[in-house]
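Colleague: Take this structure, written in structure tokens, and hold onto it; I'll ask about it next.
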Amino acid sequence: MKHPLKAVLRGVTNDQTDPSVDTLKATSIPLLKKFGVDGEGLELKIIRRGMLPGGGGEVFFSCPVSKGLKPIQFTDPGKIKRIRGVAYSVRVSPQIGNRITDSARSILNKFLPDVYIYTDHMKGVSSGKSPGFGLSLVAETTAGCFLSAELVSNPQGKGPAVLPENLGRDCAKLLLEEIYRGGCVDSLNQSLALLCMTLGQQDVSKVLLGPLSPYTIEFLRHLRSFFQIMFKMETRSFDEQKGGEKVLMTCVGVGFSNLSKTVK
């Protein structure tokens, strides 16, 4: 690409299947910055929220031109220092956000005092076409790692109604499970980290992951098919740290670079 990428994407912003824009903004953008995709131009902005089934959401994404991705040594996850989150609601009572926040904090504050959950209630045109609510939580470590968890209410007309209190508690437990799994990258962004390592410079990259998700295992097969690249996988268990077994992933990048030149 010769010019920075700027795209307006419309549709569903939060659902139960795919990562939401809130989680991508809080975890994937910082991960890309570690690989050298940086600058003021890297931005993901939520203009309107859209829930299933009607959608109606809109986000703005911009990304600067990057010649190549740099190799990383990302092997120290650090310790959890704070938890941040967004309790969002559209076309429902504004009080639902507060109820979600209180129930999530009732669990998380037992482990950490620094918990702040922001309530985001959108009205009118910004609220999309369908009602719904959800919670996105992100735990940040002392080493700059981000671990995320998210839950969204059932779409209108599908499945039983979800209580905001239950959603908040369940999402908090999902985040604690993600923290237990550990690693420098959460389950959601494992594939993104491995892709950036593959496309990086012809140098050694290392990243420490928690137990590999089924999606990541299948993604590794795709990387082998497309790039003929194999990762060295070593299991690590830490005596002083509780949690799941960790996997140290090592590879040498293929040296993919942006060859486009701006014509003046």
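The values are calculated or read from the model by the stated rules, or taken from the named source; none is laboratory data. Predicted model only: the values in this text are computed from it and were never measured. Cβ sites come from the backbone with ideal geometry, for glycine too, and all protein chains shown count toward neighbours. Note: areas computed on protein heavy atoms with side chains; ligands, DNA, RNA excluded. Shrake-Rupley method; radii C 1.70, N 1.55, O 1.52, S 1.80 Å.
Colleague: Give region 1-27 a look and list any residue that's in contact (Cβ under 8 Å) with a residue 40 or more places away in the chain, assigned to a loop (DSSP other than H, G, I, E, B) and closer than 19 Å to residue 52 by Cα, or say none.
Modeller: If the condition is that a residue be in contact (Cβ under 8 Å) with a residue 40 or more places away in the chain, assigned to a loop (DSSP other than H, G, I, E, B) and closer than 19 Å to residue 52 by Cα, then 12, 13, 15, 16, 19, 20 are the ones that fit.
Colleague: If you don't mind, another one. Are there any strands (runs of 3 or more DSSP E) wholly within region 160-256 with 2 or more residues that are surrounded by 19 or more Cβ atoms within 10 Å (Cβ to Cβ), and if so which?
Modeller: Because the criterion is at least 2 residues that are surrounded by 19 or more Cβ atoms within 10 Å (Cβ to Cβ), the strands (runs of 3 or more DSSP E) in region 160-256 that meet it are 204-209, 246-252.
Colleague: Another question, if that's okay. Hey, among the residues in region 9-33 that are farther than 20 Å from residue 130 by Cα and hydrophobic (A, V, I, L, M, F, W, C), which one's most open to solvent (accessible area, probe 1.4 Å)?
Modeller: 24
Colleague: For residue 200, are the conditions met, namely being of a type outside the set (A, V, I, L, M) and closer than 26 Å to residue 114 by Cα?
Modeller: no
Colleague: Just for strands (runs of 3 or more DSSP E) wholly inside region 35-147: which have at least 3 residues that are of a type outside the set (Gly, Ala, Ser) and either open to solvent by less than 60 Å² (accessible area, probe 1.4 Å) or closer than 28 Å to residue 180 by Cα (or both)?
Modeller: In region 35-147, 57-63, 80-90, 115-122, 132-141 are the strands (runs of 3 or more DSSP E) which contain 3 or more residues that are of a type outside the set (Gly, Ala, Ser) and either open to solvent by less than 60 Å² (accessible area, probe 1.4 Å) or closer than 28 Å to residue 180 by Cα (or both).
Colleague: Hey, residue 136 hits all of (1) of a type outside the set (Asp, Glu); (2) out of contact with any Cys (no Cβ under 9 Å at 6 or more places or on another chain); (3) modelled with pLDDT of 95 or more but one; which does it fall short on?
Modeller: Residue 136 satisfies all of (1) of a type outside the set (Asp, Glu); (2) out of contact with any Cys (no Cβ under 9 Å at 6 or more places or on another chain); (3) modelled with pLDDT of 95 or more except (2).
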